[in-house]
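Report on the following structure.
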């Protein structure tokens, strides 16, 4: 969730209450993003129910590692990811980032093999 994705008057008044209300039905971990790097914004994200706050541009390795840590149980195996991407360089980059976060990645340049 981008912490600035709300009307300005709401964010100026009480952003924590706003986000708590918006996110109260979610049972999954909440990750906030934004361009601000200050302590107040990070604290508001945590008080709003967020598990973490990431500054933009996003560091995909840190983001993937955080997600892996949030969903990993003590005895679980590494996460497995399938990437279907016809841009070979992009697929290799994504694979590298996710593998550095401890995930097992398989890539395909077209979807047809997935149906076999």
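The values are calculated or read from the model by the stated rules, or taken from the named source; none is laboratory data. As the structure is a prediction and not an experimental result, all values here were calculated from the model. Note: ideal-geometry Cβ built from the backbone for every residue, glycine included; neighbour counts use all protein chains shown.
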Selected residue [outside the structural domain of residue 97 (by TED's automatic domain parsing) and touching a strand residue (DSSP E or B) at 6+ places or on another chain (Cβ under 6 Å)] from 47, 42: 42
Among the residues in the stretch 9-16, are any farther than 29 Å from residue 94 by Cα, part of a loop (DSSP other than H, G, I, E, B) and over 17 Å from the mean Cα position of the chain (by Cα)? yes
Check the stretch 55-73 and report whether any residue there is at pLDDT 90 or above, surrounded by 11 or more Cβ atoms within 10 Å (Cβ to Cβ), assigned to a strand (DSSP E or B) and under 15 Å from the mean Cα position of the chain (by Cα). yes
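So which residues in the stretch 17-26 are assigned to a helix (DSSP H, G or I) and out of contact with any helix residue (DSSP H, G or I) (no Cβ under 7 Å at 6 or more places or on another chain)? Lay out the reasoning, then the answer.
The first filter runs over the stretch 17-26 and keeps only residues assigned to a helix (DSSP H, G or I), leaving 17-23.
Scanning the stretch 17-26 gives 17, 19, 20, 21, 22, 23.
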Step by step: first the residues of the stretch 5-18, then only those that are surrounded by 10 or more Cβ atoms within 10 Å (Cβ to Cβ) and either free of Cβ contacts under 8 Å to residues at least 12 places away in the same chain or in contact with a strand residue (DSSP E or B) (Cβ under 6 Å, 6 or more places away or on another chain) (or both), then the one that is nearest to residue 55 (Cα to Cα). Which residue is that? 5
So, residue 77, is that one surrounded by fewer than 13 Cβ atoms within 10 Å (Cβ to Cβ) and outside the structural domain of residue 31 (by TED's automatic domain parsing) or not? yes
Options 37, 21; residue that is in contact with a strand residue (DSSP E or B) (Cβ under 7 Å, 6 or more places away or on another chain) and either farther than 22 Å from residue 71 by Cα or free of Cβ contacts under 8 Å to residues at least 12 places away in the same chain (or both): 37
